[in-house]
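As structure tokens, the structure follows; a few thoughts come after it.
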Amino acid sequence: MIGCPTPDTAGRRGVAGGREWAVSQAEMIMSSRSFAEYRAMFAIDDRDLDGVVLDCAGGASSFVAEARAAGVRALAADPLYSHGVGAIADRLAADLSQGNAMIDANADRFVWKWYGSAERRREMRLNARSAFMSDLRRHPGSYLAAGLPRLPLADDSVDLVLCSHLLFTWAGRLDREWHRAAITEMSRVSRAEVRIFPLVRMGDGEPVDFLDELQAELRSDGLVCAVRRVPYEFQRGADRMLTVHR
Ligand SMILES: C[S@@+](CC[C@H](N)C(=O)[O-])C[C@H]1O[C@@H](n2cnc3c(N)ncnc32)[C@H](O)[C@@H]1O
């Protein structure tokens, strides 16, 4: 992995101290969004991809695989990478069906303009999943088995950090304190910016009620945060990301 940081296996602790993952990994769907979805969700332009990009909560996204193919230096972190390629492949088939079933059962909560159709979305997920699996097999060093709020990476070791569908999505289970610790940790490893999407909860798609208070806390910690509109909406009303930098 040329030009990407080497994991700091000493496991530097973030501000979160002893707090571990508050959601069991079995509960969380390991979804597989594509590079195109990431570009839209995070309003990424070509200049954003000049440096090293960390996909934190990478899941089965093909972001790293497609970024590599485009000559971008990228890596991903997810606690599920510790399970090994075989177990991940087995799990992905079930997770894809579960994700599709959840969307079918709540169709009125989604907007199809960006995808065009349910079939197109499913096709993108399948393509992303197979690009992820083949990249994971060929370049396992690009996939760190690690979870927020602690990343085994040195301070300032990457440029952009992208966090899709973990923070805020799971706000029913991960509290404000956990979010503060997770964002502080992503900011620690990032030289440029942390981008987080979406800002609504999974399930009911409602805005996260502690977002304003969280931003105030992050500002009091010396971080700069802003909410920006992005050219992507799937969960109805979820068309904004949070950006954070030091
Ligand atoms: C809904 S998936 C999103 C995957 C990918 N970012 C995407 O958009 O397709 C959420 C991912 O978060 C991962 N995850 C769970 N707890 C985590 C933690 N504490 N730190 C980092 N990732 C975590 C899960 O294993 C799962 O793969």
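Please treat every number below as a calculation from the coordinates, not as lab data. Values in this document were obtained by computation on a predicted structure and should not be read as measured data. Because the Cβ atoms are built from the backbone with ideal geometry, glycine has one as well, and the counts that use them run over all protein chains shown.
Worth a mention:
- Under a Gaussian network description of the chain, with springs only between Cα atoms under 10 Å, the residue in ALA70, ALA192, ALA43 that fluctuates furthest is ALA70.
- GNM result for the chain, Cα springs below 10 Å: residue of ARG191, ARG180, ARG228 fluctuating most strongly: ARG228
- Net charge in the neighbourhood of ASP104 (other residues with Cβ under 13 Å of its Cβ; Lys, Arg +1, Asp, Glu -1) is +1.
- Region 182-221 pair-distance distribution - Cα-Cα, 10 Å bins, rounded %: 25, 49, 24, 2
- Measure of compaction for the chain (Cα Rg per 2.2 N^0.38 Å): 0.94
- For MET41, MET202, MET102, MET186, the sequence from fewest to most other C-beta atoms within 10 Å is MET102, MET202, MET41, MET186.
- The chain, relative contact order in percent, only Cα pairs under 8 angstrom and at least six apart counted: 26 percent
- Taking other C-beta atoms within 10 angstrom as a stand-in for reagent exposure, ILE88, ILE196, ILE183 fall in the order ILE88, ILE183, ILE196, fewest first.
- By the count of neighbouring beta-carbon atoms within 10 Å, fewest first, ASP135, ASP108 end up ordered ASP108, ASP135.
- With an a/c value of 1.5 or above and a/b not larger than b/c for the gyration tensor axes a ≥ b ≥ c computed over the alpha-carbon atoms, region 24-123 is described as oblate.
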